[in-house]
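Structure record follows, encoded as structure tokens.
The values are calculated or read from the model by the stated rules, or taken from the named source; none is laboratory data. Predicted model only: the values in this text are computed from it and were never measured. Note: ideal-geometry Cβ built from the backbone for every residue, glycine included; neighbour counts use all protein chains shown.
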Amino acid sequence: MSASSPLDASAPGPVLARPRLTATLLMAGSCLPVLGAVLIAPVVPKLQEHFASVSGVDALAPMALTVPALSLAVMAPFAGAIIDRLGRHRLLVVATVLYAVVGTAPLWLDSLPAIIVSRALVGVAESAVMTCCTTLIGDYWSGRQREKYLALQAMCSALSATAFFALGGAAGSAGWRAPFWAYAVGLLLAPLLATVLRPAGRRRDAAAASPALTPFAPLLRRLLAPCALTFFGAVVFYTVPVETSFLLEDLGTEAPATIGLCTAIASTATVAGAAAFTRLTGRADRLLPWTLALCALGFGVIAVAGSVPVLVVGAVVNCLGTGLLLPTLITRTMAVLTPADRGRGTGLWNAAFFLGEFACPLLLLGAAGPAGDLAGAVGVLGAATLVIAAGLAVTRSRRAALPRPVENAPA
């Protein structure tokens, strides 16, 4: 189904009193899960050193970084169901406060298992925040405006990832606990979310005035293909950010400054791709095969790269594609959701995406053995991406060739 689905057009969004401030707050809220994912990455070695006497610290310390993504993926569908039944605004405010409380908990916790539990709770809060923010974008805007703000959401997430990584590194110089102070931003954001995110002239959430919820089984069947594609898309999206440092090490480059510069260049390309999507609104369905083909081309260049400059070129090509990919995937999914089902649908989409993030390094590690090395595994992923792109292009061309039903035809 295209991005201009009849389901999408049936429920125009409310009139907003302060649309720019509303958009700014939703973009800020959408960055919170990114902060949770990258902020403490620079201090994980210091965390591991601090708890060196704890049994299994080599496995437990990295979990402090990765467990929020897994927790978010598991909890997002439940957050979506709660959103559709109880409303978006209240849950968003409560989840933002919870995010601040559990996010700053490691400032005073002295047990590594307790810190990991607090990080898992961060993922729970993130699942509600991310699902609410994306659902509210779907509620407040429709059509090309919605696609524009979904692309802006992806662009802000990519920009904030770079900024938060730098912030975590700078704050980490004051000790491994220092970056956790940044989670307190939730306490500043929550009052604004509570007072601003209210459609003018309406006191109830969009879902409250919507038709009855679609039973879960039909909704899941409707979203099975989009979510499967989103899972794969997340693996494609996170490959370069997660694996660039290892690919550079395989080429003999281990200098942190060089690795950081290469990662920043690739991140900038992701932002550029998301920005380009804002000029291609209304074309999400047609854009997807070409977007995946661009990602595959980048993977191919990375796979054969024998030097750092060539690898960076491949990463930039790939990240231009992934910058287009993320808003394309969520836009296509939003288009098949009714307002009543938008929370659950967004929750399922987030679950698929963050499961893909969690699975990305595991899948590449598994493919590295048969493929010979990590670059070979990236090449295999590129080939799979190209096959899927071709399949989507063929499917779309066949669908376009089918005769359309004639409306108001005589009996």
Among Ala234, Ala228, the single one that is assigned to a helix (DSSP H, G or I), at pLDDT 85 or above, under 15 Å from the mean Cα position of the chain (by Cα) and surrounded by fewer than 17 Cβ atoms within 10 Å (Cβ to Cβ) is Ala228
Apart from one, (1) at pLDDT below 85; (2) surrounded by fewer than 21 Cβ atoms within 10 Å (Cβ to Cβ) all hold for Val74; the odd one out is (1)
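Looking only at the stretch 92-146, filter to residues that are in a helix (DSSP H, G or I) and aromatic (Phe, Trp, Tyr); which one of those is surrounded by the fewest Cβ atoms within 10 Å (Cβ to Cβ)? Steps first, please.
Restricting attention to the stretch 92-146, the residues satisfying the condition of being in a helix (DSSP H, G or I) are 92-103, 105-107, 112-140, 143-146.
In the following step, the residues that additionally are aromatic (Phe, Trp, Tyr) were identified as 99, 140.
Details: Tyr99: 30, Tyr140: 21.
Taking the candidates together, the pick is Tyr140.
Can you pull out the residues in the stretch 157-207 that are among the β-branched types (Val, Ile, Thr) and at pLDDT 75 or above?
Answer for the stretch 157-207, where residues must be among the β-branched types (Val, Ile, Thr) and at pLDDT 75 or above: Val185, Thr195, Val196.
Within the group Thr331, Thr291, Thr270, Thr322, which residue is buried (at least 18 other Cβ atoms within 10 Å of the Cβ), β-branched (Val, Ile, Thr) and touching an Asp or Glu at 6+ places or on another chain (Cβ under 6 Å)?
Working: Thr291 fails: touching an Asp or Glu at 6+ places or on another chain (Cβ under 6 Å); Thr270 fails: touching an Asp or Glu at 6+ places or on another chain (Cβ under 6 Å); Thr322 fails: touching an Asp or Glu at 6+ places or on another chain (Cβ under 6 Å).
After applying the criteria, what remains is Thr331.
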Given the conditions (1) modelled with pLDDT under 85; (2) buried (at least 17 other Cβ atoms within 10 Å of the Cβ), every one holds for Pro68 apart from (1)
Filtering the stretch 42-61 down to residues that are surrounded by 15 or more Cβ atoms within 10 Å (Cβ to Cβ) and part of a helix (DSSP H, G or I) yields Pro42, Val43, Val44, Lys46, Leu47, Gln48, His50, Val57, Leu60, Ala61
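Could you say which residue among Ala120, Ala81 is over 16 Å from the mean Cα position of the chain (by Cα) and closer than 27 Å to Thr214 by Cβ?
Numbers: Ala120 fails: closer than 27 Å to Thr214 by Cβ.
Going through Ala120, Ala81 in turn, the sole match is Ala81.
Here is a yes/no grid of residues against (1) closer than 15 Å to Ala95 by Cα; (2) assigned by TED's automatic domain parsing to the domain that holds Pro179; (3) modelled with pLDDT under 80:
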residue: Ser5; (1), (2), (3): no, no, yes
residue: Pro12; (1), (2), (3): no, no, yes
residue: Thr24; (1), (2), (3): no, yes, no
residue: Val38; (1), (2), (3): no, yes, yes
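A quick yes/no check of all residues on (1) aliphatic (A, V, I, L, M); (2) touching a strand residue (DSSP E or B) at 6+ places or on another chain (Cβ under 7 Å); (3) under 25 Å from Ala171 (Cα atoms):
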{"position": "Gln48", "(1), (2), (3)": "no, no, yes"}
{"position": "Asp84", "(1), (2), (3)": "no, no, no"}
{"position": "Arg90", "(1), (2), (3)": "no, no, no"}
{"position": "Gly103", "(1), (2), (3)": "no, no, yes"}
{"position": "Arg119", "(1), (2), (3)": "no, no, yes"}
{"position": "Ala125", "(1), (2), (3)": "yes, no, yes"}
{"position": "Ser142", "(1), (2), (3)": "no, no, no"}
{"position": "Tyr149", "(1), (2), (3)": "no, no, no"}
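With the requirement that a residue be among the hydroxyl-bearing types (Ser, Thr, Tyr) and closer than 20 Å to Val43 by Cα, what does the stretch 118-167 give you? Explain how you work it out, then say what you get.
Going residue by residue through the stretch 118-167, those that are among the hydroxyl-bearing types (Ser, Thr, Tyr) are 118, 127, 131, 134-135, 140, 142, 149, 157, 160, 162.
Hits for the stretch 118-167 are Ser118, Ser160, Thr162.
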Taking first residues from the stretch 340-367 that are among the basic types (Lys, Arg) and second residues anywhere that are in a helix (DSSP H, G or I), the pairs with Cβ under 6 Å that are 6 or more apart or on different chains are Arg342/Thr135; Arg342/Gly138; Arg344/Gly80; Arg344/Ala81; Arg344/Asp84
Those residues of the stretch 238-266 that are small (Gly, Ala, Ser), surrounded by fewer than 22 Cβ atoms within 10 Å (Cβ to Cβ) and within 19 Å of the chain's Cα centre (by Cα) come to a total of 1
